[in-house]
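J.: One structure is given below, represented as structure tokens, and several questions about it will come after.
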Amino acid sequence: MEQHISAEEIAAQAATIINQYNHESLTPKERRTIPLQEMPAQDPQVRRNNMEEVALGYTENQVKLEAMRCLQCKNAPCIKGCPVAIDIPAFINAAALGNFKESINIIKESSSLPAICGRVCPQESQCMLTCTVGKAEKDVMKSVQIGRIERYVADWERENNQINIPEVAADTGKKVAIVGSGPSGLTAAFDLRKAGHDVTIYEAFHKNGGVTVYGIPEFRLPKTIVEVEIETLVKMGVKIITNFMVGKTRKLKDLIEKDGFDAIYIAAGAGLPKFMGIEGENLVGVFSANEYLTRSNLMKAYDFEKARTPIYKSKKVAVFGGGNVAMDAARTAKRIGAEEVHVIYRRTEKEMPARVEEVHHAKEEGIIFDFLTSPVKILGDEKGRVTSIECLKFELGEPDDSGRRRPVPIKGSEFIIEIDACIPSLGNNANPVLKNTTAELEVNKWGNIVVDEKGKTSMDRIYAGGDIVLGAATVILAMGEGRNAAASINEILK
Ligand code: FAD
Ligand code: SF4
Ligand code: SF4
């Protein structure tokens, strides 16, 4: 288990050194001597038994110190790494000076959900990847902690009641429907409503927010944060109708032909779980990560006393996969009461697609990682309940198309792990409902909706974006697609 430094210790260290630095007179060399500010976090021994947020956020001293590490590079390579091109040096400069309102206003020119992105963006493969400081240190994790600063100023705005409701242009008399209330749909709704259109979001679930609410657990992204973002949209005049599945409750075409919508943006996400296709996946005690996380997040199934859909109690759990979804499933299983949780991944830690911070937190919480291992069969008892998995050991061979070294099975290396639940967490495919109910909607071989560079589908006045187009991607990419499609819709509705 990795060592944990307490939040109090981290805060005290920052308080001791803050007066040594004056942002306005620091030379680049002096900036390089400021220690990287670690994120304070709940004690792993405590947090593995609760659903509260793990990362606690910077203190004011910490955010200023971290912001002072930024070299304010003229060419700002970090901006190129951010899919929505936030003016990173400008917002960091304002944060270093303690001008948090100015800082958040700069971010909000490009991103409407910074409290979410600051928490969940895969920063080490985006803005931090291109940061000059990380490049000089030859370690991306030593880059300026851009997302942590972004999170601080977004939280500061919310906690200090500083959220302004953006001005909405005069009524255009045009109606736009949005399918899905995930980050992509919410971003498009924001831009379209700002332009003065009458915007209605249709959401299949009883709660809004898409994966940020039903997939990503509370301990990584508190749901109140997403709710506040949605409240802003409602205050701007966006209508939201839940428990409404476009395609089933109402046909897609009917929204235009019968309900008078002038355009539609489809942001239905990738909600169809992938399975391994191995023997035993239909046994009792096998959950897709989607089901497991949705039950836990949306139905509060971990509350065994009150929940109407309590989750299967298990002591030994195996999670298959190495991405963020797998980390979320494993850490949720631990919090639900599992004593032993294995993450089974067929490559090594280096190839894992999960965020480094999530892997670190999972290890701190006692999750066991079985690398170079893959399940070949799930075994059950006479009642059809899972009892164990048969696994095979792998070694790394030549790189495949993705550039990652291909895992090669080692003959005769089969072994058994006893478990009572397992969670295949291999990601998701496109949601098939719209494709199955709308013959004119062109999709590719994976079921993703095909769009042109403006986000337009094969159907007139119907646009699409986010995971339903990209396949399972990221929050910020889904937001970028929402913004792009909203601009195209604004153009045709002029
Ligand atoms: P979604 O968020 O999937 O939202 C789509 C919405 O549309 C859903 O609410 C759905 O109910 C609704 N819907 C679907 N069909 C219909 C219909 N026919 N009618 C009405 N409503 C419909 N990304 C990161 O950047 N960082 C992370 O740490 C991260 N962790 C993740 C963890 C998990 C467990 C998962 C599953 C994903 C994670 N992602 C992460 C990916 C990220 O959440 C998605 O890329 C992003 O949410 C996609 O946004 P979206 O708006 O396209 O779709
Ligand atoms: Fe970095 Fe994401 Fe913020 Fe862009 S939105 S600056 S990629 S954390
Ligand atoms: Fe600051 Fe890094 Fe961006 Fe340079 S590249 S401006 S150091 S965040």
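J.: So which residues in the range 266-307 are among the acidic types (Asp, Glu), at pLDDT 90 or above, open to solvent by 70 Å² or more (accessible area, probe 1.4 Å) and more than 21 Å from the chain's Cα centre (by Cα)?
T.: Answer for the range 266-307, where residues must be among the acidic types (Asp, Glu), at pLDDT 90 or above, open to solvent by 70 Å² or more (accessible area, probe 1.4 Å) and more than 21 Å from the chain's Cα centre (by Cα): just Glu279.
J.: Tally up the residues in the range 109-140 that are among the aliphatic types (A, V, I, L, M) and away from ligand 1 (no atom under 16 Å from the Cβ), please.
T.: The qualifying residues number 3.
J.: Given the options Ile492, Ile416, Ile378, name the one that is surrounded by fewer than 24 Cβ atoms within 10 Å (Cβ to Cβ) and either aromatic (Phe, Trp, Tyr) or closer than 30 Å to Val284 by Cα (or both).
T.: Ile416
J.: To continue, here is another question. Which condition does Pro432 not pass, out of (1) more than 9 Å from ligand 1 (Cβ to nearest atom); (2) at pLDDT below 95; (3) open to solvent by 50 Å² or more (accessible area, probe 1.4 Å), if it passes all the others?
T.: It fails just one condition, (3).
J.: For the range 48-70, enumerate the residues that are aliphatic (A, V, I, L, M) and either more than 16 Å from ligand 2 (Cβ to nearest atom) or more than 25 Å from Ala12 (Cα to Cα) (or both).
T.: Passing the criteria: Met51, Val54, Leu56, Leu65, Met68.
J.: Scan the range 308-326 for residues that are in contact (Cβ under 8 Å) with a residue 40 or more places away in the chain, open to solvent by less than 20 Å² (accessible area, probe 1.4 Å) and either within 16 Å of ligand 3 (Cβ to nearest atom) or within 20 Å of the chain's Cα centre (by Cα) (or both) and jot them down.
T.: Val319, Phe320, Gly321, Gly323, Ala326
J.: Another question about this same structure. Output the number of the condition that Gln162 fails; it satisfies all remaining conditions of (1) under 30 Å from Ile256 (Cα atoms); (2) not in a helix (DSSP H, G or I).
T.: (1)
J.: Among (1) touching a Lys or Arg at 6+ places or on another chain (Cβ under 6 Å); (2) at pLDDT 95 or above; (3) open to solvent by 40 Å² or more (accessible area, probe 1.4 Å), there is one condition Lys456 misses while meeting the rest; what is its number?
T.: Looking at each condition in turn, Lys456 falls short on (1).
J.: Same structure, new question: Out of Arg355, Arg406, which single residue is touching a strand residue (DSSP E or B) at 6+ places or on another chain (Cβ under 9 Å) and either modelled with pLDDT of 95 or more or outside the structural domain of Met128 (by TED's automatic domain parsing) (or both)?
T.: Arg406
J.: How do the pairs read when you match residues in the range 350-363 that are surrounded by 20 or more Cβ atoms within 10 Å (Cβ to Cβ) with residues anywhere that are hydroxyl-bearing (Ser, Thr, Tyr), using Cβ under 9 Å and keeping only pairs 6 or more apart or on different chains?
T.: Met352/Tyr345
The values are calculated or read from the model by the stated rules, or taken from the named source; none is laboratory data. Keep in mind that what you see is a predicted model, and the values were worked out from it rather than measured. Here Cβ is always computed from backbone atoms with ideal geometry, including for glycine, and neighbour counts include all displayed protein chains. Side chains are part of the model used for accessible areas, which takes the heavy atoms of the whole protein and leaves out ligands, DNA and RNA. Shrake-Rupley method; radii C 1.70, N 1.55, O 1.52, S 1.80 Å.
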